1. For semi-axes √(5λ) of the Cα gyration tensor in Å, pick the label among [x] 74, 13, 6; [y] 44, 14, 10; [z] 18, 17, 13 that corresponds to the value derived from the coordinates.
2. By how many nm would the segment from residue 106 to residue 40 lengthen if fully extended, with 0.36 nm per residue of separation less the alpha-carbon distance?
3. Given a Förster distance of 22 angstrom, what is the FRET efficiency for residue 77 paired with residue 28, based on the Cβ-Cβ distance and rounded to 0.05?
4. How high is the relative contact order of the chain, in percent, with contacts defined as C-alpha pairs under 8 Å that are six or more residues apart?
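Values quoted throughout were computed directly from the atomic coordinates according to the rules given, and no laboratory measurement underlies them. Keep in mind the model is a prediction, meaning the values are calculated, not measured. Here the Cβ positions follow ideal geometry from the backbone for every residue, glycine too, while neighbour counts run over all protein chains shown.
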């Protein structure tokens, strides 16, 4: 299973990665600091594919909602789980086919 975690807070990226690794030790986990790094600089434009994307919404540059729309416009079928401190985007999240919407801080 290939998992991407995109959040501008390093502590959050690492915490999610740790929780996923404990539950799925064989998971191939990739960390990204913002939407621009995920889409342009590194992976998605180069053909990398993920099964699950943990995605923050409020990030500098290309935010999580923009990334999700970009993915859905390309008919990407990965599971998107928003992890954010903002509750007000919940309806927009489901408009882009999000699987789940977690509000920080969240428990196991």
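1. [z]
2. Length gained between residue 106 and residue 40: 20.9 nm.
3. 0.80
4. Across the chain, relative contact order equals 25 percent.
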